[in-house]
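What follows is a short report on a single structure.
The values are calculated or read from the model by the stated rules, or taken from the named source; none is laboratory data. Because the structure is a prediction, the values reported are computed rather than measured. Cβ placement follows ideal geometry from the backbone for every residue including glycine, while neighbour counts extend to all protein chains displayed. To get the accessible areas, we keep the full protein, side chains included, count just its heavy atoms, and leave off ligands, DNA and RNA. Shrake-Rupley method; radii C 1.70, N 1.55, O 1.52, S 1.80 Å.
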Amino acid sequence: MAPQQEPAERVRPETIKAVPVRHPGRWVTAAVLLVLAAQFVHMLVTNPAFQWAYVVDNAFRPPVIEGVRTSLILMVLAMIIGVVLGIVLAVMRLSDNPILRGVSWLYIWVFRALPRLVLAILFGNMGVLYAEFSFGLPFTEQFADLLGVDINGTLFSVDATTLLTGFMAGLLALALSEAAYMAEIVRAGLLSVDPGQTEAAAALGMSKLQITRRIVLPQAMRVILPPTGSETIVMLKDTSLVAYVPVTNELFFQLQAIGNREFQPFPMLVAACLWYLALTSVLLVGQYFLEKRFSRGTGEQSGANRAKTRLRIMKGAQ
Amino acid sequence: MTDLTKNADAGAPAEFMVEAEDVHKSFGRVEVLKGIDLQVKPGEVMCVVGPSGSGKSTFLRCVNHLEKINSGRLWVNGRLMGYREKNGRLYELRDREVAAQRRDIGMVFQRFNLFPHMTALENVMEAPLRVKRRPKAEVRTRAEELLERVGLADRMGNYPSQLSGGQQQRVAIARALAMDPALMLFDEPTSALDPELVGEVLTVMQQLAADGMTMMVVTHEMGFAREVGDSLVFMDGGVIVEQGDPREVLADPSHPRTREFFSKVL
């Protein structure tokens, strides 16, 4: 025990004024990076191959704007279908029923194994498999043959070419593939929620659907959203793959078409880069606000701040 | 003091609020409950004590069918929990029917289990709004009233992460009361709290008991059992070793196992 001192004798010590630790390594790295960046910008400006005037003149032509519109619509629809189907698959995967679990596992296995480019081309050629799509009772033809009677179980049918237009084929390829990835993301999110939450809600008499919708999903969203944001950005870029279905009115195809027609492919590739950069930036802003909305009740720190704090702790207080 | 409870059940009052008959429960090959018989009368406060692993929490979770029992019968308010008995055969109830049975039974958990994405007020309003589908204005008034009674009038807009453990547990009690339960189950409600916060939760529970609520309390707070409890059950190894008036059992336990346990915790 330290001896008790009279409070009057204690004087507040002066504020510490110490020489801070120098970080020469950081300065050298920063200088090198600055030089490299300057060189890059210089190249962008001076290299005649970029033809900036041509890029600006052609990057906003009506077919390109139409292409941007198609790509965005494709992205939004593919993500909506992908997320909804992904939630269904994730819930199936966590079900008690082994058949539901198995089907979900099989779906995810197949669609994660196949490259989107291959899927896009495959769906573009679906017309080979079926001349028409009919909806009705399953296996009626086979049963009719077996029993030697005539049953028509078909409710309605559509020509494959009317249903599977290029756009539909491309959309399906992207959406079905996305669903497999989203299923894994959603499953991880659902599993991250404390089982005590489900119990508390069940004890209040809430139904399974209510528990999932009101209690579990909103909390899982915090885990689901960041990777879904990345998936959306990937999807925006992957809309360029449907050019191979072929879907001719999407962004990348249009820019390439102009470039090829006018023997200026490189500037149009640069224009494509700039378009994807701009659109992705808009998505990033949207992601920021969505994540903020779903982090309600989890403290004020954003993800970036948390990472910074962790880094600071690792390095010791500065 | 105003009445914290509201008896919502209009049916004929059952003789016992909880009645267990030879209840067994196993997890895999481990038998956790080895034949529990007990009755809780309406308005009674029963405290269940015992060492960890004795099966007391498991039994409490069987009462509202969070756990399925393997054999025996369990009635709450005269209704067989989880099953329908017809012509000598048991039929499992549908999820919807089990949910309906749970509406009259409030439960408070050791780790609070508040919904972290909702404010205190939203936590209390959730079940009456979604399960009972009561009008929002009415639910809100009642929720505010309940939060006021547990001493959290100035904390209604706070998220659980902004509340202390004691405050969270009081919100959890208000949330359970919002469904106007006939029975309240407390699963070690103060075990996860800092010692200085235990008192505020016990005070709310004591007030609830004084208002006539039927309560089953799994706890290590022997003081609460003595002061508030109408009956005390000592469980060990999946069976009830001893039960009776808490003051008598605590002062003079008849079974050696009970004596040994109390000598350690008192």
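Taking 0.36 nm per residue of separation and subtracting the current Cα-Cα distance, fully stretching the chain between A:ARG296 and A:ALA18 would add 96.0 nm. Farthest towards the positive end of the charge dipole of the protein assembly as shown, among the residues A:TRP275, B:LEU121, A:LEU72, is the Cα of A:TRP275, using unit charges on the Cβ of Lys, Arg, Asp and Glu. Converting the Cα gyration tensor eigenvalues of the stretch B:5-106 into ellipsoid dimensions via √(5λ) gives semi-axes, longest first, of 22, 18, 12 Å.
Here the Karplus curve 6.51 cos²θ - 1.76 cosθ + 1.60, taken at θ = phi - 60°, turns the phi angles of the stretch B:40-57 into couplings of 10, 7, x, x, 7, 10, 9, 9, 10, 10, x, x, 5, x, 7, x, 5, 5 Hz, with x standing for Gly and Pro. Tell me, what is the FRET efficiency for A:THR248 and A:ILE99 to the nearest 0.05, using R0 = 35 angstrom and their Cβ-Cβ distance as r? Given R0 = 35 Å and the Cβ-Cβ separation, E is 0.25. With 20 Å² as the minimum drop in accessible area between chain alone and full protein complex (1.4 Å probe), the qualifying residues in the stretch A:263-298 are A:ARG296, A:GLY297.
Each distinct pair of alpha carbons in the protein assembly as shown adds a 1/r term; the inverse of their mean, the Kirkwood radius, is 29.9 Å. First check a/c for chain B, with a ≥ b ≥ c the square roots of the eigenvalues of its C-alpha gyration tensor; if it is under 1.5, answer rounded, and if not, answer prolate when a/b is larger than b/c or oblate otherwise. Oblate, because a/c is 1.5 or more while a/b does not exceed b/c. Chains A and B together bury roughly 2100 Å² of accessible surface, counting both sides and using a 1.4 Å probe on protein heavy atoms.
As an exercise, use a Förster radius of 56 Å and the Cβ-Cβ distance of B:ASP95 and A:ILE73 to find the FRET efficiency, rounded to the nearest 0.05. The pair B:ASP95/A:ILE73 has a calculated efficiency of 0.90.
For the stretch B:98-187, what does the alpha-carbon gyration tensor say about shape, rounded, prolate or oblate, given a ≥ b ≥ c as the root eigenvalues, a/c under 1.5 as rounded, and a/b over b/c as prolate? Oblate, since a/c reaches 1.5 and b/c is not below a/b. Taking the average, over residues, of other Cβ atoms within 10 Å as the packing measure, peptides B:101-109, A:217-225 rank B:101-109, A:217-225 from highest down. Given +1 at the Cβ of Lys and Arg, -1 at the Cβ of Asp and Glu and no other charges, the dipole of the stretch B:153-266 around its Cα centre is 160 debye to the nearest 20. Extending 7 Å from Cα along the Cβ direction at B:GLU148 and again at B:SER161 yields two label points whose distance is 3.1 nm. Label-to-label distance for A:LEU269 and A:HIS42 is 2.4 nm, based on points extended 7 Å past Cα in the beta-carbon direction.
The C-alpha atoms of the stretch A:1-125 occupy a region whose extents along the principal axes are 89, 64, 26 Å, arranged from largest to smallest.
Using a cut-off of 22 Å between Cα atoms, the listed pairs B:LYS25/B:LYS56; A:LYS208/B:LYS132; B:LYS56/B:LYS264; B:LYS34/B:LYS86; B:LYS68/B:LYS132 include B:LYS34/B:LYS86; B:LYS68/B:LYS132 as exceeding that distance. Each semi-axis of the equivalent ellipsoid for the stretch B:155-232 is √(5λ) with λ an eigenvalue of the Cα gyration tensor; in descending order they amount to 21, 16, 9 Å. When the solvent-accessible area of the protein assembly as shown is split by element, carbon and sulfur atoms take up 59 percent of it, the probe being 1.4 Å. Looking at the protein assembly as shown alone, DSSP beta bridges between its own residues are antiparallel in about 65 percent of cases.
For the peptide A:209-222, the mean number of other protein chain Cβ atoms found within 10 angstrom of a residue's Cβ is 2. Each part reduced to its alpha carbon centroid, the stretch B:187-266 and the stretch A:183-223 end up 33 Å apart.
In the full protein context, the stretch A:1-101 carries 80 Å² of accessible surface per residue, based on a 1.4 Å probe and ignoring ligands, DNA and RNA. Would you mind classifying chain A by shape? Square roots of the alpha carbon gyration tensor eigenvalues, ordered a ≥ b ≥ c; an a/c under 1.5 is rounded, otherwise it is prolate if a/b is larger than b/c and oblate if not. It is oblate, given that a/c is not under 1.5 and a/b is not larger than b/c.
Counting only the Cα atoms, the stretch B:143-185 fills a convex hull of 70 Å³ per residue.
Largest first and in whole Å, the equivalent-ellipsoid semi-axes of the stretch B:18-66 read 20, 12, 9, each the square root of five times a Cα gyration tensor eigenvalue.
Legend: helices of chain A (whole DSSP H runs) are marked when their alpha-carbon atoms reach 30 angstrom or more along the helix axis and their mean Kyte-Doolittle hydropathy is at least 0.0; marked are A:24-46, A:62-93, A:166-192, A:265-293. Between A:ALA278 and A:ILE80, the simple label model (points 7 Å from Cα in the Cβ direction) yields a spacing of 2.5 nm.
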